[in-house]
Amino acid sequence: MDKRFKKYFLSLKNSSILGYIIAGMIKAGIREIKIVTSKIYDKMKYKRKILKYIDPSWINLKNLELDIIENKIPDRENGYSLFLGLNKISSKYTLLSMADHIFSKNVFSQMIKNYRREDILLATDPMYIKGYYDRKDATKVSGKNCFIIDIGKDLTYYNRLDMGVFILKTKIIKNICQNVESNFDKFGVTNVILSALNSDLNVSYYDFANTIWVDIDNYQKYCQLKRLFNKSTKFYPFGLTTTEYIEYSNNEKKMRII
């Protein structure tokens, strides 16, 4: 009801939805994170709130570079947010995640491990596990031999679902975003992918066949996520338990930084 509230701050055990996402990224070796959000009143206060949900006893935050990018026109949708984010990134590759998707495994580390320098690599669900994703609301993917053929909410034929995690070649996709942004007032990440396909770029997928994921679109999905948490520790997002955090903290110098 209060539009100032960000749903990714909803509590999850001793953290928040966004806190677990950031923790998963840090465990995957990422040290530079940029969050694109709608209008905020105090960036420093907002940043402190985010860091509050990441337990420093689990993860060393000293080397983390966390920036907040404000999307002052959120009605232009998440493709515009991606455009704003890519304009602030200097690295050759970018890992993109929706801020309201939670996974039972660390999909970030698996994506990095299996990335083969595609222009876009998308995490996909081949729909082997039922009962958690919302097929009606999810973005559908038609793919074959690791290549994406088509993507969209209203596809008649599809064999996968978009899980909301991507690895992108920053400069190339920034140019694609710029072209789309100049032609559309509103556009989503899906529009960017379709434009990349039309430009004959390498747009591929990587299947997570046994990964449970929840897109927290409403209160019912949030309740489902909390029930999943309480059911078993093996369903903690990214497979991160307190023991794993401590083990990671002791060995973080060995992690690959991107």
Practice item. Provide a single number: the residues in region 130-183 that are out of contact with any Ser or Thr (no Cβ under 6 Å at 6 or more places or on another chain) and assigned to a helix (DSSP H, G or I). Key: 11
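Could you count how many residues in region 95-133 are in contact with a Leu (Cβ under 9 Å, 6 or more places away or on another chain) and on the phi > 0 side of the Ramachandran plot? Steps first, answer last, please.
Here is the first cut: in region 95-133, the residues in contact with a Leu (Cβ under 9 Å, 6 or more places away or on another chain) are 95-96, 99-100, 102, 104, 106, 108, 111-112, 114-115, 118-121, 124-127, 132-133.
Next, only the ones that are on the phi > 0 side of the Ramachandran plot stay: 127.
Result for region 95-133: 1.
K45: in a helix (DSSP H, G or I) and of a type in the set (K, R), yes or no?
Numbers: in a helix (DSSP H, G or I): yes; of a type in the set (K, R): yes.
Against the criterion (in a helix (DSSP H, G or I) and of a type in the set (K, R)), K45 qualifies.
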Exercise for review: Search region 105-129 for residues being in contact with a strand residue (DSSP E or B) (Cβ under 7 Å, 6 or more places away or on another chain), of a type outside the set (A, V, I, L, M) and not in a strand (DSSP E or B), and hand back the single one that is surrounded by the most Cβ atoms within 10 Å (Cβ to Cβ).
Suggested key: F108
Review point. Looking at region 149-160, is at least one residue of a type in the set (K, R), buried (at least 20 other Cβ atoms within 10 Å of the Cβ) and either without any contact (Cβ under 8 Å) to a residue 12 or more places away in the chain or touching a Pro at 6+ places or on another chain (Cβ under 7 Å) (or both)?
Key: yes
Point to revise | Some residue of region 181-204 being touching a strand residue (DSSP E or B) at 6+ places or on another chain (Cβ under 9 Å), over 24 Å from S90 (Cα atoms) and among the basic types (K, R) | key: no
Review point. Quick one: what pairs do we get from region 193-206, first residue over 24 Å from V107 (Cα atoms), second of a type outside the set (G, A, S) and surrounded by 17 or more Cβ atoms within 10 Å (Cβ to Cβ), C-beta under 6 Å, 6+ apart or different chains?
Key: S195/I176; S195/V180
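Any chance region 195-211 includes a residue that's of a type in the set (V, I, T), closer than 22 Å to M127 by Cβ and at pLDDT below 95? Don't jump to the end; show me each part of the working.
Of all residues in region 195-211, those of a type in the set (V, I, T) come to 203, 211.
Checking which are closer than 22 Å to M127 by Cβ leaves us with 203, 211.
With the extra rule that they be at pLDDT below 95, the set shrinks to 211.
Yes; the residues of region 195-211 include at least one that is of a type in the set (V, I, T), closer than 22 Å to M127 by Cβ and at pLDDT below 95.
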Study note, to complete from the structure: Over region 85-104, the set of residues in contact with a helix residue (DSSP H, G or I) (Cβ under 7 Å, 6 or more places away or on another chain), among the small types (G, A, S) and not in a strand (DSSP E or B) is S91, A99, S104
Check your understanding: What number of residues within region 108-153 satisfy the criterion of being touching a Gly at 6+ places or on another chain (Cβ under 8 Å) and either among the hydrophobic types (A, V, I, L, M, F, W, C) or more than 16 Å from I193 (Cβ to Cβ) (or both)?
Key -> 5
Exercise for review: Give the residues of region 7-57 that are basic (K, R) and touching a helix residue (DSSP H, G or I) at 6+ places or on another chain (Cβ under 8 Å), sorted by residue number.
Suggested key: K7, K13, K27, K34, K39, K49
Review point. Can you find even one residue in region 80-96 that is modelled with pLDDT under 95, in contact with a Phe, Trp or Tyr (Cβ under 6 Å, 6 or more places away or on another chain) and within 30 Å of Y41 (Cβ to Cβ)?
Key: no
Check your understanding: Somewhere in region 45-58, is a residue touching a residue at least 24 places away in the same chain (Cβ under 8 Å), surrounded by fewer than 18 Cβ atoms within 10 Å (Cβ to Cβ) and within 13 Å of the chain's Cα centre (by Cα)?
Key -> no
Point to revise | Pairs, first closer than 19 Å to S195 by Cα and polar (S, T, N, Q) in region 76-97, second modelled with pLDDT of 95 or more and part of a loop (DSSP other than H, G, I, E, B), C-beta under 7 Å, six or more apart | key: N78/G188
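The values are calculated or read from the model by the stated rules, or taken from the named source; none is laboratory data. Everything quoted here is computed from the prediction, not taken from an experiment. Don't worry about glycine lacking a Cβ; one is built from the backbone with ideal geometry, like all the others, and counts go over all protein chains shown.
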